Amino acid sequence: MKVAILALLAALAAQVEPAAALAADKVTKETLNSGGRARAYYLYVPGTVGAETPAPLIVCLHGSGRNGSSLVDKWKDLAKKEGIILAGPDSIDSQEWNLEADGPDFIRDVVAAVSAKHPVDAKRVYVFGHSAGAVYGLVLALIESETYAAVAVHAGALPADFLALADRATRKTPVAIWVGTNDPFFPVAAVRATRDALALHGITVQVTEIAWHTHDYYGRSSEINKAAWAFLKQHALTPTPVF
């Protein structure tokens with residue numbers, strides 16, 4: 001009888017454990033208060049992340065007309081494999097990232113909210129952005145240079161009037177940009193101009209030009225994400241920032 005009970009318990013545990021792991025692998029919509037208003041972000045925490053081992057966090061900044069889940073969903077498979085926590089905040093106006101309404105304090109608040117509940121390695125908090133989110137990611141690389149270990153973006157460049165922000169960079173944030181040679185919104189020439197302008201401030205920008213590729217991140221997200229993560233994971237902050 002005792003053997004039979006133990007066998008039954010083992011069978012039940014085998015059924016419960018996958019269900020629990022599956023629940024942990026879902027993308028959830030979270031809310032927080034930032035700047036006196038309710039804000040939303042999408043969160044993915046791999047089931048493999050444990051309290052004893054702090055995990056890297058990628059803040060995913062969506063493109064125009066999208067929300068935070070649009071990037072988190074595309075990063076989820078790689079994040080599960082690599083043990084990466086993902087957070088995809090929503091901008092107030094889905095068409096853009098506004099430096100005032102969606103300012104760096106909001107992004108910091110998202111990181112702090114995730115870190116309060118999950119074991120985030122503060123030295124390995126990264127930014128990935130696409131299109132409008134890519135532009136904002138490049139801005140954060142300059143004005144929050146001691147907060148994010150590295151920034152990787154797809155389809156983004158800085159307008160000329162934003163380049164002066166490089167003077168505020170107290171640290172030379174590692175930056176990488178992927179761009180299609182057929183991107184109608186962010187031509188290769190604009191990306192090269194951003195790279196060259198930031199180089200004058202001592203900021204090295206790695207640019208990868210994808211032949212015949214357009215603005216479509218979603219169709220090639222698996223390839224782009226793998227390359228972006230290979231770049232990001234090389235970098236860590238010292239000392240540890242405080243969120």
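Just so it is clear, none of the values below were taken in a lab; they were calculated from the coordinates. Note that the structure is predicted; figures quoted are calculated from it, not measured. Using ideal geometry, Cβ is built from the backbone for each residue, glycine included, and neighbour counts are taken over all protein chains shown.
When restricted to residues that are surrounded by fewer than 19 Cβ atoms within 10 Å (Cβ to Cβ) and either on the phi < 0 side of the Ramachandran plot or not small (Gly, Ala, Ser) (or both), region 57-66 contains 1.
Could we say that TRP97 is part of a loop (DSSP other than H, G, I, E, B), in contact (Cβ under 8 Å) with a residue 24 or more places away in the chain and crowded, with 22+ Cβ neighbours inside 10 Å here? Spelling it out, TRP97 is indeed part of a loop (DSSP other than H, G, I, E, B), in contact (Cβ under 8 Å) with a residue 24 or more places away in the chain and crowded, with 22+ Cβ neighbours inside 10 Å. Scanning region 73-86 for residues that are touching a Phe, Trp or Tyr at 6+ places or on another chain (Cβ under 7 Å), closer than 16 Å to ARG220 by Cα and in contact (Cβ under 8 Å) with a residue 60 or more places away in the chain yields LYS74, LEU78. Does region 111-120 contain at least one residue that is surrounded by 22 or more Cβ atoms within 10 Å (Cβ to Cβ), among the β-branched types (Val, Ile, Thr) and more than 12 Å from the chain's Cα centre (by Cα)? Yes, region 111-120 has at least one match. In this entry, SER70 is excluded by the filter for residues that are more than 25 Å from GLU223 (Cα to Cα) and either more than 14 Å from the chain's Cα centre (by Cα) or surrounded by 16 or more Cβ atoms within 10 Å (Cβ to Cβ) (or both).
Of all residue pairs spaced 6 or more apart or on separate chains, those with beta-carbon atoms under 6 Å, a first member in region 34-56 that is without any contact (Cβ under 8 Å) to a residue 60 or more places away in the chain and surrounded by 13 or more Cβ atoms within 10 Å (Cβ to Cβ) and a second member that is assigned to a loop (DSSP other than H, G, I, E, B) and among the acidic types (Asp, Glu) are ALA40/ASP90; GLY47/ASP25.
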